[in-house]
Amino acid sequence: MSKSKGNILFQLTGSIACYKACNVISQLVQNGFNVKTICSQNALKFIGKSTLEGLTHNPVYTDTFEEKFALEHIEIIKWLDAAIICPATANIINKIAGGIGDDYISTVFLAFDFSKPYLIAPAMNKNMCAHPATARSIKILKDWGVKVLDTASGYQACGDSGDGRLLKPNEIYEEIIKFFTSVIHTSKPALEQNLIGKKNKRFGVA
């Protein structure tokens, strides 16, 4: 068996765009990455565990206190090289920006080691995308060093048309690889200095 190119934690939240996320996961696995998935309860209304297990050959995590996996949210943070939420709903974006940790995905975010890449691929209705709360949360996340991908514009499942569509699977895959590679190839001292600079800027330290 060939050596894995890296460990990626792929997190799905409740959007019809979950089917696009499966395409991205498939591309990652086919190109040599080891992928584990976390699904919110709402994501399971759009995609089944068996599909994700079949694509990744790994168990799907859904409950922070699931039997045999009660402390897995800590272990998985040590295991991963990069994390992404895709699709990321307005709910999860606003939740994690507010420091709330009441489900598996938000708990992992609170315990995350931000020396590693964290990406978010939003997918939501155009009004949710334009809402001031969402805009504020995205700014907060970017200030923390999270890479928030753009959204596409076009027809939406609800019948509206506008910004908020999830990017195409190929575009998301390319963004993951680009961001993953840039961080992994950064020397440790340079990466630490970059993180210190971000923290100082956040707290107003010159």
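We did not get these values from a lab; they are worked out from the coordinates using the rules stated. These figures come from a predicted structure and were not determined experimentally. Cβ atoms come from the backbone with ideal geometry, glycine included; neighbour counts cover every protein chain shown.
Assorted remarks:
- Förster radius 25 Å - calculated FRET efficiency between Lys142 and Ser4 (Cβ-Cβ, nearest 0.05): 0.30
- Look at Tyr104, Tyr19 and count the other Cβ atoms within 10 Å of each Cβ; fewest to most, that gives Tyr19, Tyr104.
- Label-to-label distance for Ala111 and Lys49 is 1.9 nm, based on points extended 7 Å past Cα in the beta-carbon direction.
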